[in-house]
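Report on one structure; see the data block that follows.
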Amino acid sequence: MGKWTVYIADDQTLFRQGMSRLVRSFKNVNEVRVASHGKELLDLVHEKQPDAILMDLEMPVMDGIEATEKVLAKYPDVKIVGLSMHNSHQHIFYFLETGAHGFLLKNAEPEEVEAAIESAIEKDFYNNQLTAEALRKGTLERKKAQGRPVFQSNISLTEREKEVLLLVCRELTMREISEKLSLSEKTIHNHRARIMSKVGVHNTVGLVKYAYSIGLLK
């Protein structure tokens, strides 16, 4: 496991500085840089691409939603975990729709902040109770409002693909899934890529939403 570069974007000076000190203390973090709003963050990302960003959703000049969209449009490998005092599932669902990789309340425990960064980088998604509830409710509300399935009804996954999908949604790494199913990591990667192609999504959040829409996750 290599050393990571993490950026923090937040307009509150005390919170930004405190979070910076905290993240610097994590064993796998090598460098931390901070920004007071989205535009300043974009300048940092253009200068050097980080492994992960802790992104405040409410900032002046450019908020966290817009900044997330702009970062991921140009640097899709960067992992972004949102920060907010608001726990509305609509807000969280909308943020995750931008392609973000997790969400934390600003009063999260230090251990959860470290776990969120590690999971986003290593597993592509940090799925805590907040994100799970937001994805479940958001997906079902949209499905109900549309009056039809969110995803194509003719999608057909094999039993093995459903098994892999469920384990991905439970945040197992490719190695952990390969060991659990007694298959090679390459085979698991191929299964995951095929599932994403069938479903028409590009990240783990999309897979989780699909799993809720078909009742695989409840």
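The values are calculated or read from the model by the stated rules, or taken from the named source; none is laboratory data. Keep in mind it's a predicted model, so treat the numbers as computed, not measured. Glycine gets a Cβ as well: all are built from the backbone with ideal geometry, and neighbour counts include every protein chain shown.
Side notes on the structure shown:
- Scanning the stretch 170-214 for residues that are assigned to a loop (DSSP other than H, G, I, E, B) and either modelled with pLDDT under 80 or closer than 16 Å to T131 by Cβ (or both) gives R170, E171, V201, H202, N203, I214.
- Count - residues of the stretch 31-85 that are touching a helix residue (DSSP H, G or I) at 6+ places or on another chain (Cβ under 7 Å), in a strand (DSSP E or B) and of a type in the set (D, E): 1
- Annotation: of all residues in the stretch 84-104 being over 12 Å from the mean Cα position of the chain (by Cα) and of a type outside the set (S, T, Y), the one that is farthest from I117 (Cα to Cα) is Q90.
- Residue match in the stretch 128-148 (condition: modelled with pLDDT of 85 or more, assigned to a loop (DSSP other than H, G, I, E, B) and within 15 Å of H101 (Cα to Cα)): yes
- Scanning the stretch 97-114 for residues that are more than 23 Å from H189 (Cα to Cα) and at pLDDT 90 or above yields F103, L104, L105, K106, N107, A108, E109, P110, E111, E112, V113, E114.
- All positions within the stretch 58-82 that are buried (at least 23 other Cβ atoms within 10 Å of the Cβ) and under 19 Å from L105 (Cα atoms): M59, G64, A67, T68, K79, I80, V81, G82
- Odd one out for D51, checked against (1) acidic (D, E); (2) at pLDDT 95 or above; (3) touching a Gly at 6+ places or on another chain (Cβ under 7 Å): (3)
- Close pairs (6 angstrom Cβ cut-off, 6 or more residues apart or separate chains): closer than 21 Å to W4 by Cα and assigned by TED's automatic domain parsing to the domain that holds V205 in the stretch 55-80, at pLDDT 90 or above and surrounded by 15 or more Cβ atoms within 10 Å (Cβ to Cβ) anywhere: none
- Residue match in the stretch 27-50 (condition: surrounded by fewer than 19 Cβ atoms within 10 Å (Cβ to Cβ), under 15 Å from A120 (Cα atoms) and in the same structural domain as K106 (by TED's automatic domain parsing)): yes
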